[in-house]
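The values are calculated or read from the model by the stated rules, or taken from the named source; none is laboratory data. Worth saying up front: this structure is predicted, and the values here are computed from it rather than measured. Neighbour counts are summed over all protein chains in view; Cβ atoms, including those assigned to glycine, are modelled from backbone coordinates with ideal geometry. Protein only, heavy atoms only, side chains kept; ligands, DNA and RNA dropped before computing areas. Shrake-Rupley method; radii C 1.70, N 1.55, O 1.52, S 1.80 Å.
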Amino acid sequence: MALSRDLTRGIRARRIRWLSSFVAVLVAITCGSTSAGASVVDRERSTRSYDEVRWDCGYPMQVVGVESHKVQVRANKKLDGFDFVTDNYDVAEVWTAQDGRSFTLAANGIAKDVKSKRVQGSVYEFTFHNSGQSLVITNSSGAVVYRDRGNISFHYTVDVANGEFNFLDLRVSGPHPLLDLGLCKAVAPLVGWDSARYLAPRPIGSTSLSMGYYQYLPPSYSDTGSGSPLLVALNGYGENGDGTADGLHRLLLAGIPRFIDLGGWPIDRPLVVLALQSFEEPPGFDTTPCETPDVVWMGSCNMQLQHDRNH
């Protein structure tokens, strides 16, 4: 059988797009190539060059790169349609900001489904490994700034009768600093701005305002100088919280507060930014109507519910 074009495209896209959310992409890789296998049924080698603009961190960067894959598929003799996939990959990219600053990103290793076992009925547990140098970042002088290397394994179950996926756990061996830090935080000193330095949490109770918020004061701001324009950033439902120091951090997951925190906000913008956190009294928004097997896009379903309730 020929290796499907969709599988090949999926592997390529996922390898390149893992940069800012490595664990999430590993999960996506596995969902896209659900596993269990024995004999080799297909092999493919591919190389792709690209030159494109990306906005991963909130500002445009020109990305020039080359990626290669040697993919092997092994058929499962017991579960028809579920295969082991092994991808021996190599990626090298140069990211250049608009002002000419740049960094190099490289990755190489082997991502593979290694085993499966029956849990009960039609539910099987699978193990996925990614070993090698999963991410290496060097500055424009060639000095290594960050290096993720070693093995990342995670376990999940799939009900082969209906395709239901359930993530179990993640195990990491070797130094993987970017798993916690993230790509955009890591490269901010290389190609971004120092905007996070001017961002401060204001938990509920620390000010006279009845809600918590993040406050960004640009370098141009002065208590006694001329006035500064104010930008109020209102969060989406997923960033709601109680305004405490712990809950306030959810504001950094999306939108303008996220880009400021990631160094993606030019500090020559004179705007003062107040990112207010909406607080919803318990029991909160009832999402149970969207938690059914026939709902494909839970986020869209939740938005429709809020619309129907005049939220």
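Tell me, which helices (runs of 4 or more DSSP H) lie completely within segment 182-272 with 2 or more residues that are acidic (Asp, Glu), touching a Pro at 6+ places or on another chain (Cβ under 8 Å) and more than 19 Å from TYR59 (Cβ to Cβ)? Can you show your working first?
Details: elements: 183-191, 245-248, 255-261.
Hits in segment 182-272: none.
Let's see how each residue does on (1) among the acidic types (Asp, Glu); (2) open to solvent by 40 Å² or more (accessible area, probe 1.4 Å); (3) closer than 23 Å to SER206 by Cα:
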{"position": "LEU234", "(1), (2), (3)": "no, yes, yes"}
{"position": "ASP242", "(1), (2), (3)": "yes, yes, yes"}
{"position": "LEU253", "(1), (2), (3)": "no, yes, yes"}
{"position": "PHE259", "(1), (2), (3)": "no, yes, no"}
{"position": "TRP265", "(1), (2), (3)": "no, no, no"}
{"position": "GLU280", "(1), (2), (3)": "yes, yes, yes"}
{"position": "ASP286", "(1), (2), (3)": "yes, yes, no"}
{"position": "PRO289", "(1), (2), (3)": "no, yes, no"}
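Taking the criterion of being out of contact with any Cys (no Cβ under 6 Å at 6 or more places or on another chain) and in contact (Cβ under 8 Å) with a residue 60 or more places away in the chain, would at least one residue in segment 136-147 satisfy it?
First pass over segment 136-147, keeping only residues out of contact with any Cys (no Cβ under 6 Å at 6 or more places or on another chain): 136-147.
This time we only want the ones that are in contact (Cβ under 8 Å) with a residue 60 or more places away in the chain, so: none.
Within segment 136-147, not a single residue is out of contact with any Cys (no Cβ under 6 Å at 6 or more places or on another chain) and in contact (Cβ under 8 Å) with a residue 60 or more places away in the chain.
Report yes if ALA275 is closer than 28 Å to LEU181 by Cα, surrounded by fewer than 19 Cβ atoms within 10 Å (Cβ to Cβ) and of a type in the set (Gly, Ala, Ser), otherwise no.
Values: closer than 28 Å to LEU181 by Cα: yes; surrounded by fewer than 19 Cβ atoms within 10 Å (Cβ to Cβ): no; of a type in the set (Gly, Ala, Ser): yes.
Considered against the rule, which asks whether it is closer than 28 Å to LEU181 by Cα, surrounded by fewer than 19 Cβ atoms within 10 Å (Cβ to Cβ) and of a type in the set (Gly, Ala, Ser), ALA275 comes out as no.
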